[in-house]
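Peer 1: Before I ask anything, let me first share the structure, which is written out below as structure tokens.
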Amino acid sequence: MITLTQRLAANEGTVASLTLCLTAEERARSRQTLIASSGQPIQLQLPRGTIVQDGDRLYSNDGVVVQVVAKSEPVFTVTAQTTRDLLQAAYHLGNRHVPLEITATYLRLSPDSVLRQLLEHRGLQVIEENQPFQPEIGAYGHYH
């Protein structure tokens, strides 16, 4: 089994020999056993608190490089008529410490029926879809 112990930034010049597709939650866990896209078992033993991003490369002590890909997962994608409405929604979701992907045109979060009702009550459009979810990493280096 390959044991990955180091994270390299996405812009490092290393070439990966394997691909590992992970959900947002899986990318936030530094110790776990996973299966690469090739079917090969992989053990993550990254420093505690490490959050892996789409495109990062993980490195083993014996020289294996694995590229991380954000896996599609169920999400709510939220859009609004105005930028102000979208910003207000981000504010309200942030007050609830919801992991949130923020862009100029949409917000993305894990499905939650209560939050959907809140957003729709505020006049926002909420679409259920399967997309890669890349929540913001907080000021202290974690999702929550």
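The values are calculated or read from the model by the stated rules, or taken from the named source; none is laboratory data. The structure presented is a predicted model; accordingly, all values stated were derived computationally and were not measured. Cβ placement follows ideal geometry from the backbone for every residue including glycine, while neighbour counts extend to all protein chains displayed. We work out accessible area using only protein heavy atoms, side chains counted, and drop any ligands, DNA or RNA first. Shrake-Rupley method; radii C 1.70, N 1.55, O 1.52, S 1.80 Å.
Peer 1: Indicate, rounded to the nearest 5 percent, the antiparallel portion of the DSSP beta bridges found entirely in the chain.
Peer 2: 75
Peer 1: Same structure again: Please compute the volume of the convex hull spanned by the alpha-carbon atoms of the range 46-144 and report it per residue in Å³. Could the numbers behind the result be given before it?
Peer 2: Details: hull volume 10.5 nm³, N = 99.
Hull volume normalised by residue count: 107 Å³.
Peer 1: Ratio of alpha-carbon Rg to the 2.2 N^0.38 Å globular estimate for the range 1-109, to two decimals, please. Walk me through the numbers before you get to the answer.
Peer 2: Details: Rg = 16.6 Å, N = 109, 2.2 N^0.38 = 13.1 Å.
Rg over 2.2 N^0.38 Å, computed on Cα atoms: 1.27.
Peer 1: Find how much the distance from residue 117 to residue 91 grows on full extension, using 0.36 nm per residue of separation minus their present alpha carbon separation; answer in nm with one decimal. Mind dumping the intermediate values first?
Peer 2: On the way: separation 26, 0.36 × 26 = 9.36 nm, distance 1.59 nm.
Full extension of this stretch gives 7.8 nm more.
Peer 1: Ok, one more. Computing the accessible area with a 1.4 Å probe over protein heavy atoms, can you report the carbon and sulfur percentage for the range 1-52?
Peer 2: Details: 1320 of 2810 Å².
About 47 percent, which is the carbon plus sulfur part of the accessible surface.
Peer 1: For the pair residue 33 and residue 131, how long in nm is the line joining their label points, each one 7 Å along Cα→Cβ?
Peer 2: Spacing of the two 7 Å Cα→Cβ label points: 3.5 nm.
Peer 1: Same structure again: The range 88-139: Rg/Rh from Cα coordinates, Kirkwood Rh? Before the final figure, lay out each step's value.
Peer 2: Details: Rg = 10.5 Å, Rh = 11.5 Å.
Rounded to two decimals, Rg/Rh equals 0.92.
Peer 1: Moving on to the next point. If the elastic network links every pair of Cα atoms under 10 Å, which of 105, 77, 23 fluctuates the most in the Gaussian network model of the chain?
Peer 2: Among 105, 77, 23, the largest mean-square fluctuation in the Gaussian network model of the chain belongs to 105.
Peer 1: Same structure, new question: Which value does Rg/Rh take for the range 36-85 over its C-alpha atoms, Rh per Kirkwood? Each step should come with its number before you reach the end.
Peer 2: Values: Rg = 16.7 Å, Rh = 14.2 Å.
Result for the range 36-85 is an Rg/Rh of 1.17.
Peer 1: I've got another one for you. How would 59, 106, 91 rank on accessible area, largest to smallest, probe 1.4 Å? Show your work: numbers first, answer last.
Peer 2: Details: 59 75, 106 50, 91 140 Å².
Highest to lowest solvent-accessible surface, that is 91, 59, 106.
Peer 1: Treat every Asp and Glu Cβ in the range 1-130 as -1 and every Lys and Arg Cβ as +1, leave all other atoms uncharged, and give the resulting dipole magnitude about the Cα centre to the nearest 20 debye. Provide the component values of the computation, followed by the final result.
Peer 2: Working: 12 positive and 13 negative charges, 64 e Å.
I would put it at about 300 debye.
Peer 1: Which of the listed residues, 107, 72, 49, is farthest toward the dipole's positive end in the chain, when Lys, Arg count +1 and Asp, Glu count -1 at the beta-carbon?
Peer 2: Toward the positive end, the furthest listed residue is 49.
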